[in-house]
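Data first, discussion second: the structure below is written as structure tokens.
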Amino acid sequence: MNHKHLLWTKEKWEAARKGCAKMRGKMPKNTMKPGKYGNIARGWFDINGRKMFFRSKWEANYALYLDFLVNKKKIAKWEYESDVFVFEKIKFGTRSYRPDFKIYNTDSTIEYHEIKGWMDKKSATQIKRMRKYFPDIYLRVIMAAEYLKLSKQFKAFIKIFK
């Protein structure tokens, strides 16, 4: 993965961090309750010895996959829901976005991955605004078809959550 053109200057990261800092530590109160989609198994998962909360099994499985990539030295490290991007110019509606995964590549670039089983209206708005207000940040949206293809490949060597 070569995304050197996506590297930000220190000043750009600091400006983005200021927006993220406003939302840091302010997780929604309903984050650990059943969601509006009853078929999604959110909860605590053991990710190679680390107990972590994920909003779906797909996210937990993707975390196992990312750990595999770290062990194979394909990526440097990853974080789950570590950054919030605030859309400063938006006054109503969807004003922020928290990508699922922050990926630190071995070439020092950073990218974000979003796991989406389906695209609801709010998610589509968040992704559209992310691309508009933060065009230099690489966001990979992994839809159901891509996730299922990936999971077939990595379930041969990673014990996934079912």
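Give me the orientation-averaged projected area of the Cα convex hull of segment 64-162, in nm², one decimal. Intermediate results must be reported in sequence, preceding the final value.
On the way: hull surface 28.4 nm².
Its average projected convex-hull area is 7.1 nm².
What is the sum of charges around Glu146, taking Lys and Arg as +1, Asp and Glu as -1, for the other residues whose C-beta is under 12 Å from the C-beta of Glu146?
Net charge in that neighbourhood comes out at +3.
Among the chymotrypsin sites (Phe, Trp or Tyr not before Pro) within segment 96-162, which fall in a DSSP loop and have no more than 11 other Cβ atoms within 10 Å of their own Cβ?
Of the chymotrypsin sites (Phe, Trp or Tyr not before Pro), the ones in loops of segment 96-162 whose Cβ has at most 11 other Cβ atoms within 10 Å are Trp118, Phe157.
Taking the Cα-to-Cβ direction at Lys89 and at Phe154 and moving 7 Å from each Cα, how far apart do the two end points lie in nm?
3.5
Please list, in chain and number order, the residues 5+ apart from Val141 or on another chain whose amide H is under 5 Å from its amide H, with Hs placed from the backbone.
Amide H to amide H, under 5 Å and 5 or more residues apart or across chains, Val141 pairs with Glu114.
Filter Lys51/Lys102; Lys51/Lys152; Lys91/Lys128; Lys74/Lys132 down to the pairs with a C-alpha to C-alpha distance above 22 Å, please.
Lys51/Lys152; Lys74/Lys132
Read-outs throughout are calculated quantities, based only on the coordinates presented, and are distinct from any laboratory measurement. For clarity, every value in this text was computed on a predicted model and none was experimentally measured. All Cβ positions, glycine included, derive from the backbone under ideal geometry; neighbour counts span all protein chains shown.
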